[in-house]
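Report on the following structure.
The values are calculated or read from the model by the stated rules, or taken from the named source; none is laboratory data. The shown structure was predicted, so the numbers you read here are calculated from the model rather than taken from an experiment. Virtual Cβ from ideal backbone geometry, glycine too; neighbours counted across all protein chains shown. Heads up: the accessible areas ignore ligands, DNA and RNA and are worked out on the full protein's heavy atoms, side chains in. Shrake-Rupley method; radii C 1.70, N 1.55, O 1.52, S 1.80 Å.
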Amino acid sequence: MPQRKGQLKGSPMSKDQNHQGDSQWPIWEVFVQAKTGAPHEHAGSLHAPDAEIALQNARDVYSRRSEAVNIWVVESKNITATTPEDNPTFFEPAADKIYRHPQFYKIPRGVKNL
Amino acid sequence: MEDESKLRAFEARIEAGEKIEPKDWMPERYRKQLIRMISQHAHSEIVGMLPEGNWITRAPSLRRKMGLLAKVQDEAGHGLYLYCSAETLGVDRSEVVDQLLYGTAKYSSIFNYPTLTWADIGTIGWLVDGAAIVNQTMLAKCSYGPYSRANIRICKEENFHKKQGYEIVATMAKGTPEQKRMVQDAVNRWWWPSLTMFGPPDKDSPNSAELMKWQVKLQSNDELRQRFVNLTVPQASVVGVALPDPDLKYNSKTGNWDFGALNWDEFFAVIKGNGPCNRQRMRARRIAHENGKWVRDAAGAYAAKKRAA
């Protein structure tokens, strides 16, 4: 299995032409918001021919018990992701910047509600 | 040499309780074993709809019918969660589905048994879903992130499956003499196949050691089977249904319920395709897939038309 870079999934359409005359729809990633004010969270993925059917399938697959008040779908091929191999150099710059945290700063004793 | 150090790093991550995500480096064996396990699990959910689907139109009340419909719909959803997690490992769903339809993939052998009476629906929910929950509760903690998350979702929903089944069993066990006979007969037929759902004994399960080392599985087949028996024996006695095993007895030394020998010849015969319903199940799946083709084609054509407009 070749490692894939920059994409969340392999090219979902790659096998289409050989597939016994049956088409495989593209993969969509589904993000659901559980209640208003909450962030959208990745729930999983599904296949659909277009965005409209992707939303309907997402409701049926990921919200059969009112788990969502809002759903986003996005075709997997449109997602760009970091790769684990690049993690050390990609995320390292934040590791030594402790001055970005409030604990870095000394304040006089006794001061309140700062 | 490079792979050797990657393997060590991979195993150290698992040892530390980290989850492995799709794009992380993983040994080829880990990927292959997971694809095999997850797709078999997905196929089992899909084929598992057939024995129960048999009774939707003949459910004894609207309440029972709604419950059973919702349960069967959940199984379809569970199949889809699992196919989606298999796809994160680099297989196409169409490829995996073809393996099921054209006979090269396995699914849980229990779904090759027939559902003869309404009592079978209660018993399947109680015993078959009960056994599946024991297995899936373990898999919810497995080392592969997407498979773990799919199982967490599944476990949340399966609880209703087991309870609706147990309610049916409990109701019939308090019913007319004929209903009592019917439910006892169903339990007699499903008990042993439910125990074999956990797979062959540890000594005959060659993949287990590797799967446990990589924490794809956290407990062995025999441990899970014992856990299921221990959970189920008291549930049977509450409703007054007998489990068909003369050797079943409590072992005060181990705290376990000891049980009789399982029929592994039958298990392997059913896996090889010689169960009571293997051919019927596969025929039903193929017909459903072929009959759904025009819907897939129409949706695809409509999407293409909208894109062109």
### Summary
In whole percents, the bins of 10 Å from zero upward hold the Cα-Cα pairs of chain B as 6, 25, 33, 23, 11, 3, 1, 0
### Task
For peptide B:144-157, compute the average count of partner chain beta-carbon atoms within 10 Å of each residue's beta-carbon.
1
### Message
From the helices alone, meaning DSSP H stretches of at least four residues, give me the mean residue ellipticity at 222 nm for chain B, per-run term -39500 (n - 2.57), in deg cm²/dmol to the nearest 500.
### Response
-21000 deg cm²/dmol
### Query
Taking the Cβ-Cβ separation of B:Thr171 and A:Asn113 as r and a Förster radius of 51 Å, what is the calculated FRET efficiency to the nearest 0.05?
0.25
#### Entry: Percent accessible area from carbon and sulfur atoms, the range A:27-104, protein chains only, probe 1.4 Å
57 percent
### Accessible surface, per residue, of the protein assembly as shown when the full set of protein chains is kept, probe 1.4 Å, Å²
53 Å²
### Query
Per residue and in Å³, how big is the convex hull formed by the alpha-carbon atoms of the protein assembly as shown?
236 Å³
### Query
Summing +1 for each Lys or Arg and -1 for each Asp or Glu, what net charge is found among the other residues whose Cβ lies under 14 Å from the Cβ of B:Val47?
+3
### Task
For peptide B:292-304, compute the average count of partner chain beta-carbon atoms within 10 Å of each residue's beta-carbon.
4
### Task
Report the Stokes-Einstein translational diffusion coefficient (µm² s⁻¹, integer) for the range B:88-139, Rh taken as the Kirkwood radius over Cα pairs, at 4 °C with viscosity 1.567 mPa s.
96 µm²/s
### Query
Among B:Trp294, B:Trp192, B:Trp264, whose mean-square fluctuation peaks in a Gaussian network model of chain B (Cα, cutoff 10 Å)?
B:Trp294
### Query
Spin-label point model (7 Å from Cα, Cβ direction): what's the A:Ser66 to A:Ala95 distance in nm?
4.7 nm
### Task
May I ask you to give the percent of accessible area on chain B that is carbon plus sulfur, with a probe radius of 1.4 Å?
57 percent
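In Å, what Kirkwood hydrodynamic radius results for the range A:27-104 from the alpha-carbon pair distances?
Numbers: mean 1/r = 0.0670 Å⁻¹.
So the Kirkwood estimate lands at 14.9 Å.
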### Summary
Sorted by chain and number, the residues with a modelled amide H under 5 Å from that of A:Ile27, at a separation of 5 or more or across chains, are A:Ser76
### Task
Wrap a convex hull around the Cα atoms of the range B:32-114, take a quarter of its surface area, and give that in square nanometres.
5.6 nm²
#### Entry: Paramagnetic reach from B:His289 (point 7 Å along Cα→Cβ, amide N under 14 Å) across the range B:73-92
B:92
### Message
Could you identify which residue out of B:Val239, B:Val169, B:Val47 has the top mean-square fluctuation in a GNM of chain B using Cα springs shorter than 10 Å?
### Response
B:Val239
#### Entry: Heavy-atom accessible area, 1.4 Å probe, ligands and nucleic acids excluded: residues of the range A:64-80 down by at least 10 Å² from chain alone
A:Arg64, A:Arg65, A:Glu67
### Message
Roughly how large is the B-A contact in terms of buried accessible area, totalled over both chains, probe 1.4 Å, nearest 100 Å²?
### Response
2900 Å²
